[in-house]
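Report on one structure; see the data block that follows.
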Amino acid sequence: MLSYIIRRILYAIPIIIGVNVLTALLFFYVNKPDDMARKILGEKNVTPAAIENWKRDHGYNLPSFVNTEEEGVKKLTETIFFQKSVPLLWFDFGRSDRNNIDIGEEIKTRMWPSLAISLPMFAAGLVISLFLAMMLAYYRATYIDIWGVVLAVVLMSVSTLFYIIGGQYILGKLLRLFPISGYDTGLHAAKFLVLPVIIGIIASIGVGVRFYRTVFLEEINKDHIRTARAKGLTEGMVLFKHALKNAMIPVLTNVVVSIPFLFYGSLIMETFFAIPGLGNFTIDAIQSQDFAIVRSMVYLGSILYIIGLILTDISYTLVDPRVRFE
Amino acid sequence: MPVILATDLIVFFLAGAIVYFAFSVRGEGIAARAWAGIRSNRLALVCMAVLAVYFTIALLDSIRYRDPVLDEGGRHAVTGKGEYIYNPQALSLLDRVLSEMRTDTEKSYSAPFARYLFTKESVELPGGETVRDYPALKHPGAHWLGTDKVGTDVLFTAIKGVRTAIVIGAGTTLIMVPFAIFFGVVAGFYGGLIDDIVQYIYTTLASIPGVLLIVAFMLLFGTSGYQGGLVSQSQISLSFFVFNERLFWLALILGITSWTDLCRLIRGESLKLRELEYVQASRAFGVSKPGIIARHIVPNVMHLVLITFVLQFSGLVLAEAILSYIGIGVGPQMGSWGNMINTARLELSRDPIVWWNLFAAFVFMFALVLPANIVGDAVRDALDPRLRTGKGWH
């Protein structure tokens, strides 16, 4: 088991390096540091000296990939790519281009608000989706099932933007049940979180219910379920004990891979509800064209995704005895 | 003088593909099976008709030409070299059909079917006196969905968003399909080192958060091209072709972020097909590997392509709205439902609220995405009911 985990982690290393090189190409090679300096300093009254100054302050004054002026190993280390990319491997994100803030520190403080909104949204959404999907599977091929599926398709055909705008308007502004947006420290944050969580659940429920329903139905039509029914078990017993257990395997792939992403937050949810999480941080960076932050977030997202994949594989081996470690 | 945008080619290609499918439904291929699935389902058939209306609008909005400028005498204005001068605005057939809707603008907001403006202004009475009142519209009752802040007809703006949605929803998949088929088939069929390399490429691409890759790409490429609206002379090459277009870049980058799912599916399928008896037999007969791929493998993964095409469509339309909302989607000049939602957000905080912009975007989007989802399900059920394609675009 341990050797399997180690091998999975080793397998992730080339992918992490690949992500690193790709983002470096995109951000430093296609987009020249000179252009970045000009964008940040403002297009109008910018002098070559000011650009040089900015590049030196932010470490962009080196060649992109190979430094021909240096000797030996320094040929490779004294470059933008090496200076900016390699520290990412041990999560040293450096400083932002515009406000010179420590990106790593910012990520550490901002991931908690992100988690505070995405964790309840994810957990409650999952439980509700699974419950409704199981109900539809129980009443399969009746009007409850048919209309349930229709409703799910209708729900997933509406853009998240409408759920957010509509929810803020009806629940927040007209009914005044919750504050429309904002955030507070500690437990006071709860009242700000209810509305985004409700909206997030409604927005994701259509896709979830439909997906889990097909998973359950597939399981219900299998032979061992027919056997369980044949030996006289109640339908509830069959569904909860025999079907649910096996259906958990495909559910797991879908769930585990997104767990690390809970730290990452949601771009639009956080901007709409003014929650000072990582999603909001990223949107601000996009709008102010701060490439150092965007690049750090790209890298962080990739790492979280890869962690999710590894966790998925490990959880597979735990729940499904047919999966071998080799 | 015709003007062809890069994304127009996508719409034309799509039209060609639809005609081809329409002719091959009588055969025995996947088109026939998909059609059988849709035909036996009355709801899917209705939805198909709705999609056809949307596509017709998109097609009409993709055939565009520039009018020559007329001088005072009503003759064609010419340059010193004797060439005609053309209007910088390339109007599509749709613009020309709906020309009244396009040109009948008001001063500012007006509610649907209103006869008066939405806001009070100083109106001069016949006696010379001025009062604050709602001035009469220039075209009372003509705006079925009202007008927006600068007085443009909201229905017209919403209709202009159709082409953008179709290009993103269908064009993205069309652009990426050749790559997905090539890499997927080659990886699955040849295996070994090639397989490892292809798997490495798509795992790496898949692990980068899609939205941020799109952001980086659009900040680099999207800002320079044609943003919608007037076509400037410098953007036209060969006197009629506009390649550097923001919408095209958006479709391309969405394709780069979404081809990995299809590639993985095709790889798995070709891995399975490679071992089938008829493939083994043709190998024993000495058919070359590229020959086997062309004759046996590619035709047998096409159902995956079709399913992915229809299932991704709705997700991509929704994604376009979100990206335009963040400000990295289509240009502000381009008709897009995301842009409409973006402006509508502020209008909701007015008192009394301006709701028709949001309403129009909602109705148009919902009426496209819902049928697309239903048709997608019908096609999937007809071709490969057991196929599970993740949770779509994220």
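The values are calculated or read from the model by the stated rules, or taken from the named source; none is laboratory data. Everything quoted here is computed from the prediction, not taken from an experiment. When we count neighbours, we look across all protein chains shown, and the Cβ atoms used for this are built from the backbone with ideal geometry, even at glycine.
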- Task: Tell me the helices (runs of 4 or more DSSP H) entirely within segment A:160-262 that contain at least 1 residues that are touching a residue at least 24 places away in the same chain (Cβ under 8 Å).
- Result: A:160-167, A:190-220, A:244-256
- Query: Counting only residues that are small (G, A, S) and more than 13 Å from A:G208 (Cβ to Cβ), which one in segment A:119-155 is farthest from the chain's Cα centre (by Cα)?
  - Reply: A:A141
- Give A:F131, A:F122, A:F211, A:F192 a once-over and let me know the one that is surrounded by fewer than 17 Cβ atoms within 10 Å (Cβ to Cβ), on the phi < 0 side of the Ramachandran plot and not small (G, A, S). A:F131
- Query: If only one of A:V194, A:V153, A:V149 is out of contact with any Pro (no Cβ under 8 Å at 6 or more places or on another chain) and more than 30 Å from A:L217 (Cβ to Cβ), which one is it?
  - Reply: A:V194
- Does B:V46 fit the bill of being within 29 Å of B:I4 (Cα to Cα) and part of a helix (DSSP H, G or I)? no
- Message: Quick check on A:A203: is it among the hydrophobic types (A, V, I, L, M, F, W, C), within 13 Å of chain B (Cβ to nearest Cβ), under 27 Å from A:I303 (Cα atoms) and out of contact with any strand residue (DSSP E or B) (no Cβ under 8 Å at 6 or more places or on another chain)?
- Response: yes
- Query: On the given criteria, is B:G184 within 30 Å of B:A114 (Cα to Cα), touching a helix residue (DSSP H, G or I) at 6+ places or on another chain (Cβ under 6 Å), buried (at least 24 other Cβ atoms within 10 Å of the Cβ) and of a type outside the set (D, E)?
  - Reply: no
- Message: So B:P352 ticks every box in (1) assigned to a helix (DSSP H, G or I); (2) more than 10 Å from chain A (Cβ to nearest Cβ); (3) out of contact with any Ser or Thr (no Cβ under 7 Å at 6 or more places or on another chain) but one. Which box is left unticked?
- Response: (1)
- Query: Before we move on, is B:Y202 surrounded by fewer than 24 Cβ atoms within 10 Å (Cβ to Cβ), closer than 28 Å to A:V257 by Cα, touching a residue at least 40 places away in the same chain (Cβ under 8 Å) and among the hydroxyl-bearing types (S, T, Y)?
  - Reply: yes
- Hits in segment A:134-159 - residues which are of a type in the set (S, T, Y), buried (at least 16 other Cβ atoms within 10 Å of the Cβ) and part of a helix (DSSP H, G or I): A:Y138
- Message: Testing B:A372 on (1) part of a helix (DSSP H, G or I); (2) surrounded by fewer than 24 Cβ atoms within 10 Å (Cβ to Cβ); (3) touching a residue at least 40 places away in the same chain (Cβ under 8 Å), one condition comes back false. Which one is that?
- Response: (2)
- Item | Candidates B:L370, B:L346 - the one that is within 26 Å of A:L171 (Cβ to Cβ) and at the interface with chain A (Cβ under 10 Å from one of its Cβ atoms) | B:L370
- Task: Answer yes or no: is there a residue in segment B:73-88 that is assigned to a loop (DSSP other than H, G, I, E, B), at pLDDT 80 or above and not hydrophobic (A, V, I, L, M, F, W, C).
- Result: no
- Item | Subset of segment A:105-119 [surrounded by 15 or more Cβ atoms within 10 Å (Cβ to Cβ) and either over 28 Å from A:N254 (Cα atoms) or of a type in the set (D, E, K, R) (or both)] | A:E106, A:R110
